[in-house]
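K.L.:
Quick one: the structure is below, and I'll ask about it shortly.
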Amino acid sequence: MRQRAARNQKLLDSGSVGSAKDLTNLQHEVGSLAKRQSDLEDVVLEIMERLESGQTRVSEMTARRDEAERSVKEAEERRDTSYGSIDAEVEKVTRDRETLSAAIPADLMKLYTRLRTQNAGIGAARLFQRRCEGCRVELSITDLGAVRAAAADEVVRCENCGRILVRTSESGL
């Protein structure tokens, strides 16, 4: 289009166009080509602006994605570290439990294991301020009297949930 406009302008400038009609047509064509070129340049500028805006947006999104990936990696590292700590703690508690359970009489361990199975994994509960922490029910006066009267090494159970009650100085006896 530029070449054609330049060629037509050269013809106009040279004065070689003979008829007035051809001269008018040529001038009109030069004007039309100039307008068309201006319109196309405007379209190109708009496309370039949109391209630049899109590239900026892509850069922003890429940076956000990279940051999110870094955050995920950091969270995974913290999770893996926590899993390692938890696994080590489970292993230690399991060893300690095995050591302690060897010192507990077999019939008491059997009772405890049966109660754990029946009560969602909790076979013994602390008696805290006259309340069984297994079922969260406060013991009646009669039940408290029976617990007080029991020997220190006697196994005492909650009348409500059946769990073994562990007596402490905070039991409220």
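K.L.:
Show me the ranking of peptides 70-76, 33-39, 111-117 by mean Cβ neighbours inside 10 Å, starting with the highest.
P.N.:
Final packing ranking: 111-117, 33-39, 70-76.
K.L.:
A further question follows. To the nearest 0.05, how large is the calculated FRET efficiency for LEU40 and GLU77 if R₀ is 45 Å and r is the Cβ-Cβ distance?
P.N.:
0.25
K.L.:
Then there's this: For region 2-74, with the dipole built from +1 on Lys and Arg beta-carbon atoms and -1 on Asp and Glu ones, taken about the Cα centre, which of VAL43, ASN8, SER71 lies farthest toward the positive end?
P.N.:
ASN8
K.L.:
If you don't mind, there's one more thing I want to ask. Roughly what would the spin-label model give for VAL166 and LEU100, points 7 Å off Cα along C-beta, in nm?
P.N.:
0.6 nm
K.L.:
While we're here: Provide the net charge surrounding GLY84, with neighbours chosen by a C-beta distance below 13 Å and charges set as Lys +1, Arg +1, Asp -1, Glu -1.
P.N.:
Here the charged neighbours net out to -3.
K.L.:
Using the Kirkwood formula over every pair of different C-alpha atoms, what hydrodynamic radius in Å results for the chain?
P.N.:
Averaging 1/r across every pair of different Cα atoms and inverting gives 25.4 Å.
K.L.:
Would you mind counting up the charge near GLU154? Only other residues with Cβ under 12 Å from its Cβ, with Lys and Arg at +1 and Asp and Glu at -1.
P.N.:
+2
K.L.:
Quick one, what does Rg over Rh come out to for region 105-167 if you take C-alpha atoms and the Kirkwood Rh?
P.N.:
Result: Rg/Rh = 0.95.
K.L.:
Also, I was wondering about something else. Can you pull the three principal axis extents for the Cα set of region 2-74, in Å, largest first?
P.N.:
81, 15, 10
K.L.:
Please figure out what share of the DSSP beta bridges in the chain is antiparallel and state it in percent, rounded to the nearest 5.
P.N.:
Once the DSSP bridges in the chain are tallied, antiparallel ones form about 55 percent.
K.L.:
At 0.36 nm per residue, minus the direct Cα-Cα distance, what do SER32 and GLU52 gain on full extension? Give it in nm, one decimal, please.
P.N.:
4.2 nm
Each value in this text was obtained by applying a stated rule to the coordinates, not by laboratory testing. A quick note: this is a predicted structure, and the numbers were derived from the prediction, not measured. Neighbour counts are summed over all protein chains in view; Cβ atoms, including those assigned to glycine, are modelled from backbone coordinates with ideal geometry.
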